[in-house]
1. Taking R0 as 41 Å, what's the FRET efficiency between Asp38 and Val139 from their Cβ-Cβ distance, rounded to 0.05?
2. List, in order, the whole-Hz ³J(HN,Hα) value for each residue of segment 45-55 obtained from phi through the Karplus relation with A = 6.51, B = -1.76, C = 1.60 and θ = phi - 60°; use x for Gly and Pro.
3. Highest mean first, how do 44-57, 62-75 rank when packing is the count of other Cβ atoms within 10 Å averaged over residues?
Amino acid sequence: MSLTITKGVNAFVSEADVTAWQATMLTSTLTAWTAATDGDKSAALLQATARLQAFRWDGQFANLGWQVLAWPRTGVLDRQNDGTVEFTWDSITDLPAWLVTATCLEALAILDTAADGGARSRERLQRQGVKSISLSGAVSETFGDRPLHGGRLISQDAYQHIAPYLLRKPLLREGDLRVTPRFL
């Protein structure tokens with residue numbers, strides 16, 4: 001079965017975008033992209049987009065009538081500087097460079113993890129909330145309490161790119177919800 005990537009419909013970036021991006025990077029995970037089949041590349045992009053979709057982003061949808069992905073957005077605060085400037089990305093072809101980078105990094109991490117044959121199983125266990133493991137009482141290991149960037153992304157680098165643009169305030173403040181009892 002062939003997966004079709006449609007930028008702006010089911011993925012933030014296309015395979016061509018990742019290929020162009022990775023040509024400018026110097027990292028060992030790039031071999032995972034070049035070695036992957038077209039089907040694996042598509043699957044990694046869809047999964048990376050889905051993982052990034054799971055976050056609560058600052059701002060609002062830019063195109064309420066047709067938009068299916070969390071980006072493009074308007075009213076996004078620039079927390080890299082003083083937090084008061086709002087940015088607007090109103091086209092899927094005008095996504096911020098940090099989102100493109102985060103999507104590419106996560107797709108590469110997905111491919112790299114799939115290719116490692118399970119060597120990162122400790123990290124996966126930590127993301128699932130496992131604190132320690134024991135094998136027949138003979139060998140045991142306890143993991144530290146270091147949070148793994150919300151447990152949603154494989155790539156810590158991808159998370160570092162998106163963190164300043166995530167929603168920081170709760171959806172409801174104390175006192176926003178009032179319940180009035182109804183008597184029958």
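1. 0.50
2. 5, 5, 5, 4, 5, 4, 5, 6, 4, 6, 7
3. Ranking, from highest mean packing down: 44-57, 62-75.
Taken together, the values in this text are just the output of simple stated rules run on the coordinates, not laboratory data. Just so it is clear, the structure is predicted and the values come from calculations on it, not from any experiment. Here the Cβ is made from the backbone with ideal geometry for all residues, glycine too, and neighbour counts use every protein chain on show.
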